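Shown next, in structure tokens, is the structure this report addresses.
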Amino acid sequence: IQQPKSPSVRPRASRMLFRVLSSRAFHFLAIVWLSTVFFDHLLSPEQIHTVGAGGAHSSVASTIFLVRSIGNALPPQRDSEQTFLNLEFTLKHEPHFGGVEKHWVINRIVDASLQDRLVDLLRKNGQKYTIIPFRLEEYAKTKYNFLYDQPMLDVIHSYEYHSLQQDEECAVLNFRRSAWTVEGLLKKFKKRCWNLHDKRKEFMDEAMQNEKNLYVTNQNVVRNLMIDIGVNSGATWILPWDGNSFLTEQAFREVERTLTQVDTTNTKYAYTPMARSQHNAEVLFPTYQPDPVEEPQLIFHRNATARFHPSLRYGRRNKVELLQRLNVPGPWLTSWSPFLPWEVEAFSPLLERVPDITGEPVVAGWVVRLSSGRQHIKKQGQLHAKGDSRYHSMNLVLQQLDDQVVRQLHQYSPENLLFYKNLERLR
């Protein structure tokens, strides 16, 4: 015997379902879910491994999005341990600013153990972060460009290149810390280590390493990614800054004051001069007086169209090229030599006009660059020492990575030939 069905059950369930689907809460949750799916897809090309977030996420967009990249330290130019110490210092001492969302990008850290420590530190402090992993297999696909300067073929075997080879002892003298002491200068004088052509050889080496340098440092690609992350956060102003950048309360208030007063109809860019710190603790003193004369950091309005040139490597005006395009005051506007013809051809367009800029961008406060751990090559007036240090540091890192490639990916060992495995056939 079938019991009669209640005529009110189905209509009642339908009405409840209709109310849920039409409620504001459901619409809000649906929008959040769709936004999350879209945002994760946007940040999920192959080069981006993980998007992690610690702490609560606000549904209200922040006015300012402060995002900083942490890359390879390139010792001995910079102390690799200082990368961790500077992040630790910033998370402990940088104030929490209202209306500001902070984010970090871990940019192809070669040392896996260091990356693990950095990520662990960010998680413990409830920070949001993105990881772009370093993959040895990807690095192995990059090439040395021995034919970069046409029509000069095979640069590394050319007479010009070998005529610029520096005496080995001179190279050591120029790179050591003692090179800039009185004793070091006397040794260089006795050895006649004053060959002005040495810089040309360094530049030729760096040009041949261009593709490998780009992969390991990845600076401008990450800067552009940071701008995109900031835009997608809904923030009005995006600060895609270097990982060692540190804001005191006073510094931030000056930045904030400028950004809140600027007319965004006509102004889409700002710049923040940088003061270099030799010792991190000094920035905590109330009497600290910055000297912001270093290359500035840039600030972008969410509607700004300019981006960093993705093909310019670290050490080859990768930020300066945009400073010139934005007409930011500095020596790069007057005294810097132009790009070489082969660079103009290979990296075109260079120095492309920015359509949404009128006049100079505004200056917004100042920012501190924390210590590199190598004070002897960061003192003002030692630009040559800084350039030499960068060149030798990059050389060292690339040599170590090439060594890892042949040993780990090609199973090289002194007991085995690398290219000829079948000795009988070779005989």
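Tell me the residue from Val354, Val368, Val344, Val362 that is buried (at least 20 other Cβ atoms within 10 Å of the Cβ) and more than 20 Å from Thr217 (Cβ to Cβ), please. Before you say what the answer is, go through the steps one by one.
Details: Val354 fails: buried (at least 20 other Cβ atoms within 10 Å of the Cβ); Val344 fails: buried (at least 20 other Cβ atoms within 10 Å of the Cβ); Val362 fails: buried (at least 20 other Cβ atoms within 10 Å of the Cβ).
Among Val354, Val368, Val344, Val362, only Val368 is buried (at least 20 other Cβ atoms within 10 Å of the Cβ) and more than 20 Å from Thr217 (Cβ to Cβ).
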Small (Gly, Ala, Ser), surrounded by 14 or more Cβ atoms within 10 Å (Cβ to Cβ), modelled with pLDDT of 95 or more and under 25 Å from Arg390 (Cβ atoms): is that true of Ala73 in this structure? no
Starting from segment 227-254, take each residue that is farther than 23 Å from Glu88 by Cα and in a strand (DSSP E or B) and list its partners that are modelled with pLDDT under 95 and hydroxyl-bearing (Ser, Thr, Tyr), counting only C-beta distances under 8 angstrom and pairs at least six apart or across chains. Trp237/Thr63
Using beta carbons and a limit of 9 Å, which pairs, at least six apart or on different chains, have the first residue in segment 116-127 and β-branched (Val, Ile, Thr) and the second one open to solvent by 30 Å² or more (accessible area, probe 1.4 Å)? Val119/Thr50
Residues of segment 206-225 being surrounded by fewer than 20 Cβ atoms within 10 Å (Cβ to Cβ) and touching a Gly at 6+ places or on another chain (Cβ under 7 Å), in sequence order, are Glu206
Read through the list (1) in contact with a Ser or Thr (Cβ under 8 Å, 6 or more places away or on another chain); (2) part of a loop (DSSP other than H, G, I, E, B); (3) farther than 23 Å from Thr358 by Cβ, then give the number of the only condition that Val283 fails. (2)
Where Phe203 falls short, out of the listed (1) part of a helix (DSSP H, G or I); (2) open to solvent by 20 Å² or more (accessible area, probe 1.4 Å); (3) modelled with pLDDT of 95 or more; (4) not acidic (Asp, Glu): (3)
In segment 109-127, is there at least one residue being modelled with pLDDT of 70 or more, open to solvent by less than 30 Å² (accessible area, probe 1.4 Å) and either among the aromatic types (Phe, Trp, Tyr) or closer than 23 Å to Asn210 by Cα (or both)? yes
Could we say that Glu282 is open to solvent by 40 Å² or more (accessible area, probe 1.4 Å) and within 17 Å of Ala364 (Cβ to Cβ) here? no
Contacts under 7 angstrom Cβ, first residue in segment 305-316 being over 8 Å from Asn220 (Cα atoms), partner part of a loop (DSSP other than H, G, I, E, B) and open to solvent by 30 Å² or more (accessible area, probe 1.4 Å), 6 or more apart: Thr305/Pro355; Thr305/Asp356
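The values are calculated or read from the model by the stated rules, or taken from the named source; none is laboratory data. All values reported here derive from a predicted model rather than from experimental measurement. Cβ coordinates were reconstructed from backbone atoms using ideal geometry, including for glycine residues, and neighbour counts include every protein chain displayed. The protein model used for the area step is the full one, side chains on, heavy atoms only, and it has no ligands, DNA or RNA in it. Shrake-Rupley method; radii C 1.70, N 1.55, O 1.52, S 1.80 Å.
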